[in-house]
Amino acid sequence: PADAIFVEAASNTPDEQYSAGERYGRVYQINYLRCIFCGMCIEACPTRALTMTNDFELAKYTRADDIYQKEDLLVPLADGMLAAPHPMVEGKNDIDYYRGEVTGPTAAQVDWVASRRPDDPSLETVRVVKETH
């Protein structure tokens, strides 16, 4: 209600698949100067990526520090994960990802990334999971 969140969507393509589904948030900002802590964004979030805490007294030195960019909000890759974009696991859909049925990258995904981004740092620590159908 306070226009605290700004999202600019972009389409996932076969060559650049950043998330499950047709689109992803290319630009994502949360402006805590505008946030009224009503919790409506938590209810509306389709991926449960947002959570509500009791931390609402936020103090920063500049106004710009209260505007969080997508890079500020993303959780770092865990060891063994493969950096996006890459194709979805063959035979799986976004619901399977949401339910946690996809637990890691497959050999086909690793090969895809290696052929297109051979210098990707996640290739050094990636752990391939056994494919199950």
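The values are calculated or read from the model by the stated rules, or taken from the named source; none is laboratory data. These numbers were taken from a predicted model, which means no experiment stands behind them. Here the Cβ positions follow ideal geometry from the backbone for every residue, glycine too, while neighbour counts run over all protein chains shown.
Some notes on this structure:
- Considering the range 2-24, and only residues there that are of a type outside the set (Asp, Glu) and under 23 Å from Thr53 (Cα atoms), the residue that is farthest from the chain's Cα centre (by Cα) turns out to be Ala2.
- Any helices (runs of 4 or more DSSP H) falling wholly within the range 60-125 and containing at least 3 residues that are touching a strand residue (DSSP E or B) at 6+ places or on another chain (Cβ under 9 Å): 70-73
- Summed over the range 48-64, residues that are touching a Phe, Trp or Tyr at 6+ places or on another chain (Cβ under 9 Å) and either among the aliphatic types (A, V, I, L, M) or surrounded by 12 or more Cβ atoms within 10 Å (Cβ to Cβ) (or both) total 2.
- Members of the range 50-83 found to be free of Cβ contacts under 8 Å to residues at least 12 places away in the same chain and under 22 Å from Glu16 (Cα atoms), listed by number: Glu71, Asp72, Leu74, Val75, Pro76, Ala78
- Selected residue [within 25 Å of Asp120 (Cβ to Cβ) and either in contact with an Asp or Glu (Cβ under 7 Å, 6 or more places away or on another chain) or at pLDDT 90 or above (or both)] from Ala9, Ala4, Ala78: Ala9
- Among the residues of the range 89-105, those that are more than 19 Å from Arg48 (Cβ to Cβ) and out of contact with any Leu (no Cβ under 9 Å at 6 or more places or on another chain) comprise Val89, Glu90, Gly91.
- Among the residues listed as Ile95, Ile36, Ile42, the single one being loosely packed, with under 13 Cβ neighbours inside 10 Å and in the same structural domain as Pro121 (by TED's automatic domain parsing): Ile95
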